[in-house]
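Okay, so here's the structure we're looking at.
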Amino acid sequence: MKAVHFGAGKIGRGFIAELLHDTGYEIVFVDVNEAVNQELNQYHNYYLYVIEEDYKRKEIDKVSALSPAAQPEEVTTAIVEADLVTTAVLADNFPKIAGNLAKGLKARLDAEKEKINVIPCENAILCGDMLKKEILATGILTEGELDQIASVPNTAVDRMVFGTDRDGRDGIEIGKDHELVIEKEKLTDPEKEPIKGAEYTDNLQKFLERKLYVINCGHAWSGYMAHLMGYKIIQDYFAKEENVEMTRAVMREVAALVEKKHGFTHQEMEDYVNFALNRFLTPGITDTVERISRAPIRKLGADDRLVGPASQCEELGLPNELLLKGIAAAFLFDVKTDEQSVELLSYVREHGIEKAIPHFTGIQEGSRMFAEIVKNYDELKKQYK
């Protein structure tokens, strides 16, 4: 079996290609990085290092690479001959790969080859729909032709990956835990699983929400609290057990919501909270509080990681005290190099926190949540400023 994979970056090689390799595919990478391509074509292998297993080495072999710019015809041929196409390029780069994909799929259609799964593995909601739109925007295929030759499901992805240089080779350090969830009903054959180690679902939304609300919320919440407490590096915050337990407690608030809303079992959600915390506590990894907390206006959005779950907990009568504390902390994120932080704090100074809360979060004055956020804001300001 042969898979064509667009994107030989850290997620591409460190996550998706590992699953493809373990499923039994030969892998043809398509990437613009000539140095990476040269190494893949020279050795036809590369190495992963599993962080939690003392950086145990794993070989990924039977690999080669093509340049979409220098070898467009070869890319087209590879797509015609492939059993599966996958991507991990960042969804923002879909317009850059859409032309090569469209030409390959058109050639495949002309050659009367069977319909193929094109599975984008991107950290973006509805990435399959996004990719399909970009392929159609090339004008190379009509929508009818694309539907005839390719299935493009949406997915949810999650894995910790880091670049490393070992023995003069470009390697990748990976977290043991991972998640690739694929929309089952949009596959060419919903009864077949093209990638081993992936999860297949009829309800992708619940997995997307679980990640956004549990992992992204827990991470951002920790960042805003760590900033107030004076930490620069998030691992220093997590080095204290009481801070780990605070983050665990806020993620449990969110987990209770996801459990009630989407039907996950209590144990599944507890396991997922532990999965998230293990990521945050991975040894040897350094991340700044500033990076984790950046763009507070976006993160305070009504449907985003803090306000979204807090509001839904409120509607369902579930506890949300810690979530509301995190929202208050976000209004105190003061970093001069972060444009959104500057804008947020400027608005608070000019109009007051009472006007800022409904303006940025949609939480209305007079509500219980509003009163709690104001109270937390005043207390945190007094405690840490």
Local net charge near residue 376, Cβ-Cβ under 13 Å (Lys/Arg +1, Asp/Glu -1): +1
To check my understanding: the extent here is largest minus smallest coordinate of the Cα atoms along each principal axis. What are those three numbers for the chain, in Å, largest first? 68, 49, 41
Nearest 10, in degrees from 0 to 90: the angle of helix 34-43 to the longest Cα principal axis of the chain is 60 degrees
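Could you tell me the calculated FRET efficiency between residue 265 and residue 81, based on Cβ-Cβ distance and R0 = 56 angstrom, to the nearest 0.05?
The computed FRET efficiency comes out at 0.85.
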Residue-span extension gain [residue 73 to residue 241] - 0.36 nm each, minus C-alpha spacing: 54.9 nm
Among the lysines, select those whose C-alpha is under 19 Å from the C-alpha of residue 240, and discard any that sit fewer than 8 residues away in the same chain. 232
Rounded to the nearest 0.05, what FRET efficiency do residue 96 and residue 45 have when you use their Cβ-Cβ distance and R0 = 30 Å? 0.65
Summing +1 per Lys or Arg and -1 per Asp or Glu among the other residues with Cβ less than 12 Å from residue 258's Cβ gives +1
Here is the link list: 2/106; 133/186; 56/196; 260/381; 260/325; 56/206. Which ones come out longer than 24 Å on Cα distance? 260/381; 56/206
Taking a ≥ b ≥ c as the square roots of the Cα gyration tensor eigenvalues, with a/c under 1.5 meaning rounded and otherwise prolate when a/b beats b/c, else oblate, which class fits the range 205-384? oblate
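Could you give the length gained by full extension between residue 350 and residue 199, i.e. 0.36 nm per residue of separation minus their alpha carbon distance, to one decimal place? Each step should come with its number before you reach the end.
Working: separation 151, 0.36 × 151 = 54.36 nm, distance 4.88 nm.
Additional length available on full extension: 49.5 nm.
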Which angle between 0 and 90 degrees, to the nearest 10, do you get for helix 321-330 versus the longest principal axis of the chain when only C-alpha atoms count? 80 degrees
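Can you tell me the length gained on complete extension of the stretch residue 229 to residue 22, counting 0.36 nm per residue apart and subtracting the Cα distance? If you can, show how the numbers build up before the last one.
Details: separation 207, 0.36 × 207 = 74.52 nm, distance 4.41 nm.
Net length gain for the segment: 70.1 nm.
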Taking Cα atoms only, helix 266-280 is inclined relative to the longest principal axis of the chain by an angle, in degrees rounded to 10, of 90 degrees
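Order the peptides 293-305, 211-223 from the highest to the lowest mean number of other Cβ atoms within 10 Å of their residues.
211-223, 293-305
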Greater than 29 Å apart at Cα, pairs in 103/176; 10/299; 261/385; 132/176; 62/115: 103/176; 261/385; 132/176
Residue 157 neighbourhood, Cβ < 10 Å, K/R = +1, D/E = -1, net charge -1
Report the calculated FRET efficiency for residue 111 and residue 169 (r = Cβ-Cβ distance, R0 = 22 Å), to the nearest 0.05. 0.05
Sequence-distant aspartates and glutamates (8 or more away, or on other chains) whose Cα lies within less than 18 Å of residue 58: 18, 22, 26, 39, 165, 167, 170, 173, 177
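Quick note: the coordinates plus some simple rules give every number you see, no bench work behind them. No experiment lies behind these values; they were computed from the predicted model shown. Neighbour counts run over all protein chains shown; Cβ positions are idealised from the backbone, glycine included.
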